[in-house]
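The values are calculated or read from the model by the stated rules, or taken from the named source; none is laboratory data. What you see is a predicted model; the values in this text were computed from it and never measured. Note: ideal-geometry Cβ built from the backbone for every residue, glycine included; neighbour counts use all protein chains shown. Heads up: the accessible areas ignore ligands, DNA and RNA and are worked out on the full protein's heavy atoms, side chains in. Shrake-Rupley method; radii C 1.70, N 1.55, O 1.52, S 1.80 Å.
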Amino acid sequence: MSYEVTIEPTGDVIEVDEGQTILDAALRQGVWLPFACGHGTCATCKCQVTEGDVEIGNASPFALMDMERDEGMILACCATPESDLVIEADIDVDDDFEGYPVRDFKGTVTEIVELSPTIKGIHFELDDAIDFQAGQYINLNIPGVDGSRAFSIANKPSENQKLELHVRQVPGGAGTTYLHEELKVGDELEVSGPYGQFFTRLSDPKGAIFIAGGSGLSSPQSMIMEMIEKGDPREIYLFQGARNVAELYNREIFEALDQSHENFHYIPALNAPEEGDNWEGYNCFVHEAVNDYFDGKCDGHKAYLCGPPPMIDAAITTLMHGRLFERDIHMERFYTAADGAEEQTKSALFKRI
């Protein structure tokens with residue numbers, strides 16, 4: 001049995017199977033609905049039901065309050081239809097968004113590389129080609145771990161039958177611990193994707209500033225590689241932040257690109273270099289390197305941020321003080337089930353993240 005769900009104001013109509021969430025059905029049919037965590041804790045996918053009956057599902061009482069439930073509000077990532085529905089969603093899709101439908105894949109591990117003391121590069125061969133935009137992510141099902149885990153795609157879209165993921169081991173994290181300590185070449189894992197609204201605005205002529213920290217380099221790597229592959233003439237800047245040289249992974253790749261492409265500029269920054277690093281570059285946090293490099297004036301660019309939340313918040317503040325408007329700052333934030341009902345922090349300078 002399935003139900004028909006009409007999404008306003010776009011007028012898109014999707015078929016939702018019994019027991020399937022509205023968000024899952026929409027994404028698998030190439031219809032975008034805003035979302036972030038995917039499991040009922042962040043409220044990004046909040047919608048208004050105007051016609052029909054729906055089961056609210058496992059929505060956090062902090063993300064969907066009792067008063068909102070009484071008014072017919074739902075979270076699309078948790079809600080399942082019990083009849084045909086009409087819902088209203090806050091949809092703002094960028095013209096550069098391709099809207100590839102989410103699909104399921106099986107990925108076979110072909111290589112595991114130690115990128116840094118805390119980050120591994122895991123490479124998969126997929127059973128079918130995946131269409132995605134550089135900057136998007138996949139969900140990975142990990143044996144013995146409840147739910148899926150999100151990881152950004154590090155390879156470029158033209159390499160569409162493989163996946164390269166950069167996985168940082170999270171202390172106490174069941175998923176990343178398995179991937180670091182138990183996963184081996186030849187293992188097969190279930191993958192779904194693509195997801196996300198973090199992608200390069202290729203139609204915009206402005207130069208691109210990429211700011212990455214930790215394993216957040218994965219999305220910018222994909223985006224930059226695609227731009228260079230396409231012969232994009234815009235100025236491209238990659239600011240990579242790390243504690244020390246050992247954590248500054250894939251440095252050689254970007255140093256080589258800096259040498260071979262006049263429009264690409266690689267600017268690494270270390271905030272705690274070790275004595276043996278013999279570091280002569282920026283000795284500061286990555287947002288401070290951005291401010292110094294551009295002399296406090298970042299206007300005329302698009303900025304793409306990927307990394308730990310404190311880094312993103314500091315970078316947003318730097319960019320906006322540097323006269324870059326909200327519309328030109330893009331980022332990806334991931335929420336985990338462990339976040340639960342904790343309040344999601346946002347920069348005071350930013351209305352929507």
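Of note:
- Of the strands (runs of 3 or more DSSP E) entirely within region 1-86, those holding at least 3 residues that are under 26 Å from the mean Cα position of the chain (by Cα) and not aliphatic (A, V, I, L, M) occupy 46-51.
- Enumeration of residues in region 97-126 that are farther than 22 Å from residue 216 by Cβ and touching a helix residue (DSSP H, G or I) at 6+ places or on another chain (Cβ under 8 Å): 101, 102, 103
- Within region 101-116, the set of residues being open to solvent by 20 Å² or more (accessible area, probe 1.4 Å), in contact (Cβ under 8 Å) with a residue 12 or more places away in the chain and either touching a Lys or Arg at 6+ places or on another chain (Cβ under 8 Å) or not hydrophobic (A, V, I, L, M, F, W, C) (or both) comprises 101, 103, 104, 106, 108, 110, 111, 112.
- In region 180-201, the residues that are closer than 20 Å to residue 219 by Cα form Cβ pairs under 6 Å with partners that are open to solvent by 90 Å² or more (accessible area, probe 1.4 Å) and modelled with pLDDT of 95 or more, at six or more places apart or across chains, as follows: 192/104.
- One residue stands out in region 117-163 among those that are part of a strand (DSSP E or B) and of a type in the set (Lys, Arg): the one that is least open to solvent (accessible area, probe 1.4 Å), namely 120.
- Any chance residue 98 is surrounded by fewer than 20 Cβ atoms within 10 Å (Cβ to Cβ), of a type outside the set (S, T, N, Q) and farther than 21 Å from residue 332 by Cβ: no
- For first residues located in region 261-290 and within 10 Å of residue 240 (Cβ to Cβ) and without any contact (Cβ under 8 Å) to a residue 40 or more places away in the chain, partners that are assigned to a strand (DSSP E or B) and open to solvent by 40 Å² or more (accessible area, probe 1.4 Å) and lie 6+ apart or on another chain with Cβ distances below 9 Å form the pairs 267/282; 268/282; 269/282; 269/283; 270/282; 270/283.
- Residue satisfying condition, being closer than 21 Å to residue 169 by Cα and at pLDDT below 95, within set 214, 241: 214
- Residue, nearest to residue 331 (Cα to Cα), within region 10-26, restricted to residues that are in contact with a strand residue (DSSP E or B) (Cβ under 7 Å, 6 or more places away or on another chain) and crowded, with 20+ Cβ neighbours inside 10 Å: 26
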